[in-house]
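Written below as structure tokens is the structure these notes are about.
The values are calculated or read from the model by the stated rules, or taken from the named source; none is laboratory data. Only a predicted model underlies this, so the values are computations on that prediction, with no experimental measurement involved. Cβ coordinates were reconstructed from backbone atoms using ideal geometry, including for glycine residues, and neighbour counts include every protein chain displayed.
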């Protein structure tokens, strides 16, 4: 799927990378302040010199339930143009670590890998090919796309090899929409007269007031607020919001001092303790779903799909399946508005802080691939990065998924309706959104030589996709998109290390062991603190902080600090 920070999100927790802990904000995708709505000349369609059939084995660290073995409309065109077929295996939630570990143990790898947070382990195992020379010789489109950001593809200060071509983050992306924050059901907003929702107190008041009036919805108990704490998703709806609600940007499990680059687990910030204290208060007030910390992901989605959940603290991609169900049922008033809620008004939500053009997860070549096939593979990726490839992946096929009218690409109403209201079926049929792991691409807001946007996610298209209840709510808040309510990236300095959750963390045991210990501590203590009687909250939270100051964790934080400093240095900034 197209990332929103999106793509924000790339979200699985690993012991060697905190990337999965990030990508919470709707706008933390790669941004360049000077690139919004720029026009970029057409790139060269390289790689089309050999279209003889070739098949690559592939493992992807993200689930792809709609993958149709390239028999969708987009996949067939890709094969026609390049000769390439991908024999893909994709992770089921939580299984990518196990798969990679088995590969390393056996020494047998698929030819192409989208390893997410496991890149460091694969590098240590000597399993990945340095792509530097291949890109230089055979990939003019990729070179053109990354341009001044090529340094950010280097693995580390000590190892400048390029092991991964980032494909989960788009180049020069401008976020036009908020996909996260605190969500309130549109029906709630309308009945309460579209109240201001700026702080957690405002959020609580709205949920409490509506819940008192409507203890049931469609014959089922109303749920003021539910959370998704199933496995790694505890970070997305429970722990990551703590830093966004207290004025910190998304750097996964760490808070990084913007002046010194010192890194520490973000839970150690005093302000975050107060955020979790508020969640404890909400639980004891009966406003948080009592099953929030025991339910599975499918139960979470089913509750949202029922239309009886008033509020969420989540990212669109995490509950998109439930959103699709609501749309299919015509329950547009049960969709959600997004608000930049913080603990108090002294804080600003940093969802849209500028991370420059960050590196990110992407595609790697394993050493199982022959040198001949490596050339073929890099040419394939370069074709995908061409204007022709990007247009196909983002828009589909002219005359089917889009038309050109007076020089402007437009999506027909019936196609847009299917894309919005039955996206799963749309993906399976068209393949749009399935090939981003293989596509180096420009982000939202960048135009090609024809004056059209590379992506379909731009202001006019976003507003066209809104339901009437959503348009009504936005008008009441004097906004055209939900992002209008959030602080803009211009309100914050650019982060010189990009987004830390995208960086390959150290893979040595002096980092991985204490990091995993910290996760074990946090995942046990945070739920316990939230559901505890109010007078027990401090004792539980303070014991967690004590535990996080032992177990080799401060030394682990020091290693991460050095990694951040080295990254800034490698990328051309100065880090003392």
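Would you confirm whether or not region 252-265 contains a residue that is in contact with a helix residue (DSSP H, G or I) (Cβ under 7 Å, 6 or more places away or on another chain), without any contact (Cβ under 8 Å) to a residue 60 or more places away in the chain and in a helix (DSSP H, G or I)? No: region 252-265 contains no residue that is in contact with a helix residue (DSSP H, G or I) (Cβ under 7 Å, 6 or more places away or on another chain), without any contact (Cβ under 8 Å) to a residue 60 or more places away in the chain and in a helix (DSSP H, G or I). Just to be sure, is residue 332 under 20 Å from residue 181 (Cα atoms), surrounded by 18 or more Cβ atoms within 10 Å (Cβ to Cβ) and out of contact with any strand residue (DSSP E or B) (no Cβ under 8 Å at 6 or more places or on another chain)? So residue 332 does not fit the description; no. Taking residue 493, is it in a loop (DSSP other than H, G, I, E, B), surrounded by fewer than 20 Cβ atoms within 10 Å (Cβ to Cβ) and touching a residue at least 24 places away in the same chain (Cβ under 8 Å)? When the stated conditions are applied, residue 493 passes them.
For residue 512, state whether it is touching a residue at least 40 places away in the same chain (Cβ under 8 Å), surrounded by fewer than 16 Cβ atoms within 10 Å (Cβ to Cβ) and at negative phi. It is false that residue 512 is touching a residue at least 40 places away in the same chain (Cβ under 8 Å), surrounded by fewer than 16 Cβ atoms within 10 Å (Cβ to Cβ) and at negative phi. Residues of region 451-496 that are on the phi < 0 side of the Ramachandran plot and touching a strand residue (DSSP E or B) at 6+ places or on another chain (Cβ under 7 Å): 452, 453, 454, 473, 482, 485. Filtering region 302-335 to residues that are in contact with a helix residue (DSSP H, G or I) (Cβ under 7 Å, 6 or more places away or on another chain) and closer than 21 Å to residue 283 by Cβ leaves 304, 309, 310, 311, 312, 313, 314, 318, 319.
Picking from 360, 389, 337, which residue would you name as being farther than 25 Å from residue 50 by Cβ, buried (at least 20 other Cβ atoms within 10 Å of the Cβ) and outside the structural domain of residue 190 (by TED's automatic domain parsing)?
360
The single condition among (1) under 30 Å from residue 487 (Cβ atoms); (2) assigned to a loop (DSSP other than H, G, I, E, B); (3) at pLDDT 95 or above that residue 126 does not meet is (1). If you go through region 147-194 and keep only what is in contact with a helix residue (DSSP H, G or I) (Cβ under 9 Å, 6 or more places away or on another chain), touching a residue at least 24 places away in the same chain (Cβ under 8 Å) and assigned to a helix (DSSP H, G or I), you end up with 151, 152, 153, 186, 187, 188, 189, 190.
Remark: residue 342 falls outside the filter, which requires a residue to be assigned by TED's automatic domain parsing to the domain that holds residue 113, out of contact with any helix residue (DSSP H, G or I) (no Cβ under 7 Å at 6 or more places or on another chain) and either without any contact (Cβ under 8 Å) to a residue 40 or more places away in the chain or more than 25 Å from residue 231 (Cβ to Cβ) (or both). State whether one or more residues within region 83-93 are out of contact with any strand residue (DSSP E or B) (no Cβ under 8 Å at 6 or more places or on another chain) and either under 26 Å from residue 156 (Cα atoms) or surrounded by 15 or more Cβ atoms within 10 Å (Cβ to Cβ) (or both). Checked region 83-93: no residue is out of contact with any strand residue (DSSP E or B) (no Cβ under 8 Å at 6 or more places or on another chain) and either under 26 Å from residue 156 (Cα atoms) or surrounded by 15 or more Cβ atoms within 10 Å (Cβ to Cβ) (or both). Out of curiosity, is residue 217 over 23 Å from residue 541 (Cα atoms) and surrounded by fewer than 24 Cβ atoms within 10 Å (Cβ to Cβ)? Yes: the conditions hold for residue 217. The set of residues from region 47-71 being touching a residue at least 60 places away in the same chain (Cβ under 8 Å) and either more than 24 Å from residue 115 (Cα to Cα) or over 28 Å from the mean Cα position of the chain (by Cα) (or both) comprises 47, 48, 49, 50, 54.
Can you tell me which residues in region 260-281 are more than 28 Å from residue 535 (Cα to Cα) and over 26 Å from the mean Cα position of the chain (by Cα)? If the condition is that a residue be more than 28 Å from residue 535 (Cα to Cα) and over 26 Å from the mean Cα position of the chain (by Cα), then 260 is the only one that fits. Any residue in region 554-563 that is in contact with a helix residue (DSSP H, G or I) (Cβ under 7 Å, 6 or more places away or on another chain) and touching a residue at least 60 places away in the same chain (Cβ under 8 Å)? No: region 554-563 contains no residue that is in contact with a helix residue (DSSP H, G or I) (Cβ under 7 Å, 6 or more places away or on another chain) and touching a residue at least 60 places away in the same chain (Cβ under 8 Å).
Residues that are farther than 21 Å from residue 200 by Cα and either in contact with a strand residue (DSSP E or B) (Cβ under 9 Å, 6 or more places away or on another chain) or in contact (Cβ under 8 Å) with a residue 24 or more places away in the chain (or both) occur in region 306-315; there is at least one. Number of residues in region 95-122 that are assigned to a loop (DSSP other than H, G, I, E, B) and crowded, with 16+ Cβ neighbours inside 10 Å: the value is 4.
Scoring residue 511 on the criteria (1) within 30 Å of residue 125 (Cα to Cα); (2) part of a loop (DSSP other than H, G, I, E, B) leaves a single failure, condition (2).
Which residues, taken from region 55-82, are in a strand (DSSP E or B) and surrounded by 16 or more Cβ atoms within 10 Å (Cβ to Cβ)? Can you show your working first?
Keep residues of region 55-82 that are in a strand (DSSP E or B), which gives 55-60.
56, 57, 58, 59, 60 - these are the residues of region 55-82 that are in a strand (DSSP E or B) and surrounded by 16 or more Cβ atoms within 10 Å (Cβ to Cβ).
Being touching a strand residue (DSSP E or B) at 6+ places or on another chain (Cβ under 9 Å), in contact (Cβ under 8 Å) with a residue 24 or more places away in the chain, more than 25 Å from residue 459 (Cβ to Cβ) and crowded, with 23+ Cβ neighbours inside 10 Å is a description that applies to residue 365.
Listed here are the strands (runs of 3 or more DSSP E) enclosed by region 329-444 that have at least 3 residues being closer than 30 Å to residue 277 by Cβ: 336-339. Only one of the numbered conditions (1) closer than 21 Å to residue 319 by Cα; (2) over 20 Å from the mean Cα position of the chain (by Cα); (3) assigned to a loop (DSSP other than H, G, I, E, B) is violated by residue 207, and that is (3). Considering only residues in region 471-488 that are over 23 Å from the mean Cα position of the chain (by Cα) and assigned to a helix (DSSP H, G or I), the one that is nearest to residue 248 (Cα to Cα) turns out to be 474.
Considering (1) surrounded by 19 or more Cβ atoms within 10 Å (Cβ to Cβ); (2) modelled with pLDDT of 90 or more; (3) not in a helix (DSSP H, G or I), say which one residue 52 fails and leave the rest. For residue 52, the failing item is (1).
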